[in-house]
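**Q** Please see the structure below; I have some questions.
The values are calculated or read from the model by the stated rules, or taken from the named source; none is laboratory data. For clarity, every value in this text was computed on a predicted model and none was experimentally measured. All Cβ positions, glycine included, derive from the backbone under ideal geometry; neighbour counts span all protein chains shown. Quick note on the areas: whole protein, heavy atoms, side chains included, nothing else; ligands and nucleic acids left out. Shrake-Rupley method; radii C 1.70, N 1.55, O 1.52, S 1.80 Å.
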Amino acid sequence: MKKSIIGKLDVLSVFIAWALLIVFFLALGYGKFFSAPEDSATHLLYIFGAFAGAVVIHIVLAFFNRCPHCNKCLTVQGFKAPHPASSGDWSKVVWRWFSGSIVCIHCGNRVNINGL
Ligand SMILES: [Zn+2]
């Protein structure tokens, strides 16, 4: 598989995870205010399960989604602060992914996403 496709799928799985997390908390809040205590909450379990699935997909794909300059995972920051030349933390990288190029949070080099 082409590396640029792995990168796109990786970032997509992060977006899906974020969306599911928002949906989860909305459903949680909705259930708290608008449903009876005896109502079933299994849908919350399904939403959370889907979220966990998206996170697992992200972890697997992120392992292969590496910077061509320093060979570190582009969407995994770890506990170190991002490189000063980058535009922010790993979530910024994800957010800007589809603009075509991002700055590596590890080495500060510009990475052309479609040229991976
Ligand atoms: Zn790098």
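**Q** Tally up the carbon and sulfur contribution to the accessible surface of the chain as a whole percent, 1.4 Å probe, everything protein left in place.
**A** On the way: 5090 of 7350 Å².
So the carbon and sulfur contribution to the accessible surface is 69 percent.
**Q** Here's something else I'd like to know. Could you pull out the trypsin sites (Lys or Arg not before Pro) across the range 65-116 that fall in loop regions by DSSP (anything but H, G, I, E, B) with no more than 16 other Cβ atoms inside 10 Å? Mind dumping the intermediate values first?
**A** Working: sites: R66, K72, K80, K92, R96, R110; in loops: K72, K80.
Sites meeting the loop and neighbour criteria: K72, K80.
**Q** Quick check for you: with a 1.4 Å probe and neighbouring chains kept, what is the accessible area per residue of the chain, in Å²? Don't skip to the answer; put the middle values down first.
**A** On the way: 7350 Å² over 116 residues.
Averaged over the residues of the chain, the accessible area is 63 Å².
**Q** Take the cross-link list K8/K32; K2/K80; K3/K92 and give me the ones stretching past 24 Å between alpha-carbons. Walk me through the numbers before you get to the answer.
**A** Working: K8/K32 36 Å; K2/K80 29 Å; K3/K92 20 Å.
Distance filter (> 24 Å) returns K8/K32; K2/K80.
**Q** Which distance in nm do the two modelled labels at A36 and H83 give, with both placed 7 Å along the Cα-to-Cβ direction?
**A** The two pseudo-label positions are separated by 5.9 nm.
**Q** Can I ask one more? Return one number: the angle in degrees, 0 to 90 and rounded to the nearest 10, between the long axis of the Cα atoms of helix 42-64 and the longest principal axis of the Cα atoms of the chain.
**A** Orientation of helix 42-64: about 10 degrees from the principal axis.
**Q** Then there is this: Could you give the nm distance between label points at F64 and N112, where each point is 7 Å from its Cα heading toward the beta carbon?
**A** 2.3
**Q** How far is the Cα center of the range 80-116 from the Cα center of the range 1-48, in Å?
**A** 25
**Q** Which percent of the Cα-Cα distances in the chain go past 22 Å?
**A** Numbers: 2754 of 6670 pairs.
Above the 22 Å cut-off, the chain has 41 percent of its Cα pairs.
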